[in-house]
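This report refers to the structure that appears directly beneath it.
The values are calculated or read from the model by the stated rules, or taken from the named source; none is laboratory data. Just so it is clear, the model here is predicted, and its values are computed rather than measured. Cβ: placed from backbone, ideal geometry, glycine included. Neighbour counts: every protein chain shown.
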Amino acid sequence: MHQLLLKGAWLEGETVDVAMADGKITAIGHEVPGPAEVEKDVSGLMLSAPLIESHVHLDTTLTAGEPKWNESGTLFEGIETWALRKKTLSREDVIRRATRLLHWQAAQGVLHVRSHVDTTDPELTAVKALLEVRQNLKGLVDVQLVAFPQEGILSYPKGAELMEEALKLGVDVVGGIPHYELTRDMGAESVATSFRLAEKYGRPIDIHCDETDDPQSRFLEIVAALATRSGMGEMVTASHTTAMGSYDDAYAFKLMGFLRRARINFVANPLVNITLQGRMDTYPKRRGLTRIKELWQNGLNVSLGYDDVMDPWYSLGTGNMLQPAHMAVHAAQMTGRQEVTACYDMVTENAARTLGISDRYGLEVGKPADLVLIEAKDKWNAIRRLAPIRLVVKGGKVVSETTASKTTLLGAPLDLGAER
């Protein structure tokens, strides 16, 4: 007997049923027979693997305006503001805010989250709190934590030691922020430090890299070189890389060849990148993004993150991963039919590769019964409509259900997002 049977979902232009038992997908196909403990008609909804958050900061979330607003809207005022807010952190404060955002995201189909957590704190308050959150919510959302030195590995007192202590406590991934170190040489050495720690503890790497408009910020080449020399390749992620949008084409062309050899992952954060970057420009004003389309066209793995939700860097947001995908379509000019679909993949299967979970992710018999039903017929329309997530299943159990909204105009039903 199936524990859960969903009937009539859309999957790649066909209508299918999906059955689950013992936390696994047991069947996907046309007219899967019952019986089932729970059976649901999901006709007209698209079946999808869970959405994935590749890059967020759970420790800073929901602090916008505390202790002050980022009036300049710049990355650097955000860092300064967070340094002030960090002084008032408590375990309870971090757990409460992070749990709230993860609940928001789970209800919107996000069942895997990679969060950076600031390690430039002698007490590692946020690190310890988020380790608790990871454990508390493991039946709802799978959380990876990145040891992130917000104020620098070498530029902050005992920055490397605090990073290592976070890894000993159980943080999953080694981070970095070379462009924020005091000098270029210190930035280069900080990347080497991240690789040394990753190799020592057997952890993947996810570095905030070249998050600036400065075309001379070129730490990505160092990340690529060390990834190639170490053989870590697909275990390495470069987040942001917004300076790539300011590189001259001759250098970018050369760099792209190195990146293809390195096979590292990339995470762009379109909502926040396009907001924080280009602040020093008048006109023409740069988009503030990495070369999303070009990286994708070169066969490199690109995923998308929300980055910040209502914090000193970005005071808006809900955690809905279709929003950064929608922004990527526009800001990266990925409006072709295949390109829009690719942006959906950047918050699902591409993101699974970034997080290193492809072996336990996806709509296949035998894999975990984690899936979502979206009010759309295909990926293109899911992004076009910013379609609501109607049903979320984790481990073969329904964990969230959203009722469809209805609109009437002049007394007649109106579908505001009608598909052609």
*Of the residues that make up the range 288-301, is at least one part of a strand (DSSP E or B) and either touching a residue at least 60 places away in the same chain (Cβ under 8 Å) or closer than 29 Å to Pro388 by Cβ (or both)?*
yes
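Restricting to the range 47-75, count the residues that are under 26 Å from Val171 (Cα atoms) and modelled with pLDDT under 95.
If we filter the range 47-75 for residues that are under 26 Å from Val171 (Cα atoms), which is where we start, we get 49-64, 75.
Still in the list and also modelled with pLDDT under 95: 75.
Result for the range 47-75: 1.
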*asked:* Checking Asp370 against (1) touching a strand residue (DSSP E or B) at 6+ places or on another chain (Cβ under 8 Å); (2) assigned by TED's automatic domain parsing to the domain that holds Ala107; (3) buried (at least 22 other Cβ atoms within 10 Å of the Cβ); (4) not β-branched (Val, Ile, Thr), only one condition comes out false. Which one?
replied: (2)
*Of all residues in the range 226-252, how many are in contact (Cβ under 8 Å) with a residue 24 or more places away in the chain and among the acidic types (Asp, Glu)?*
2
_Every residue from the range 253-272 that is in a helix (DSSP H, G or I) and touching a residue at least 40 places away in the same chain (Cβ under 8 Å)_ = Met256, Leu259, Arg260, Pro270, Leu271, Val272
*Pairs under 6 Å by beta carbon, first residue in the same structural domain as Asn269 (by TED's automatic domain parsing) and closer than 17 Å to Val117 by Cβ in the range 75-95, partner among the hydrophobic types (A, V, I, L, M, F, W, C) and not in a helix (DSSP H, G or I), six or more apart or different chains?*
Gly78/Trp313
*Tell me, please, whether a residue that is more than 19 Å from Cys209 (Cβ to Cβ), among the charged types (D, E, K, R), buried (at least 21 other Cβ atoms within 10 Å of the Cβ) and touching a residue at least 60 places away in the same chain (Cβ under 8 Å) can be found in the range 122-136.*
no
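Based on what the data block shows, is Thr237 polar (S, T, N, Q), touching a strand residue (DSSP E or B) at 6+ places or on another chain (Cβ under 8 Å) and modelled with pLDDT of 95 or more?
Working: polar (S, T, N, Q): yes; touching a strand residue (DSSP E or B) at 6+ places or on another chain (Cβ under 8 Å): yes; modelled with pLDDT of 95 or more: yes.
Against the criterion (polar (S, T, N, Q), touching a strand residue (DSSP E or B) at 6+ places or on another chain (Cβ under 8 Å) and modelled with pLDDT of 95 or more), Thr237 qualifies.
Okay, residues lined up against (1) touching a Leu at 6+ places or on another chain (Cβ under 8 Å); (2) surrounded by 24 or more Cβ atoms within 10 Å (Cβ to Cβ); (3) more than 30 Å from Glu71 (Cα to Cα); (4) not basic (Lys, Arg):
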| position | (1), (2), (3), (4) |
| --- | --- |
| Pro270 | yes, yes, no, yes |
| Met280 | no, no, no, yes |
| Ile292 | no, yes, no, yes |
| Tyr306 | yes, yes, no, yes |
| Val309 | yes, yes, no, yes |
| Gln323 | yes, no, no, yes |
| Cys343 | yes, yes, yes, yes |
_Against the definition (touching a Gly at 6+ places or on another chain (Cβ under 7 Å), more than 22 Å from His240 (Cα to Cα) and polar (S, T, N, Q)), how does Gln108 come out, yes or no?_
yes
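Of all residues in the range 142-155, which are within 19 Å of the chain's Cα centre (by Cα) and either among the charged types (D, E, K, R) or crowded, with 22+ Cβ neighbours inside 10 Å (or both)? Show your work before the answer.
Just the residues of the range 142-155 that are within 19 Å of the chain's Cα centre (by Cα), to begin with: 142-150.
Matches in the range 142-155: Asp142, Val143, Leu145, Val146, Ala147, Phe148, Pro149, Gln150.
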*the range 393-408 - residue that is of a type in the set (A, V, I, L, M, F, W, C) and modelled with pLDDT of 90 or more and, of those, surrounded by the fewest Cβ atoms within 10 Å (Cβ to Cβ)*: Val398
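Report yes if Ser358 is surrounded by fewer than 22 Cβ atoms within 10 Å (Cβ to Cβ) and under 17 Å from Val113 (Cβ atoms), otherwise no. Please lay out each step first, then the result.
On the way: surrounded by fewer than 22 Cβ atoms within 10 Å (Cβ to Cβ): yes; under 17 Å from Val113 (Cβ atoms): yes.
Yes.
Inside the range 302-420, counting only strands (runs of 3 or more DSSP E) that do not spill past its ends, which hold 2 or more residues that are of a type in the set (Ser, Thr, Tyr) and either free of Cβ contacts under 8 Å to residues at least 60 places away in the same chain or closer than 19 Å to Gly44 by Cα (or both)?
Values: elements: 371-374, 389-394, 397-401, 407-409, 412-414.
Result: 407-409.
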*Quick one: which of Arg260, Arg286 is surrounded by fewer than 24 Cβ atoms within 10 Å (Cβ to Cβ), in contact with a Ser or Thr (Cβ under 8 Å, 6 or more places away or on another chain), charged (D, E, K, R) and not assigned by TED's automatic domain parsing to the domain that holds Leu386?*
Arg286
*Is it true that some residue in the range 25-41 is over 29 Å from Pro270 (Cβ atoms), at pLDDT 95 or above and either in contact with a helix residue (DSSP H, G or I) (Cβ under 6 Å, 6 or more places away or on another chain) or surrounded by 20 or more Cβ atoms within 10 Å (Cβ to Cβ) (or both)?*
yes
_Filter result for Leu62 (within 24 Å of the chain's Cα centre (by Cα), within 30 Å of Pro324 (Cα to Cα) and not in a loop (DSSP other than H, G, I, E, B))_ = no
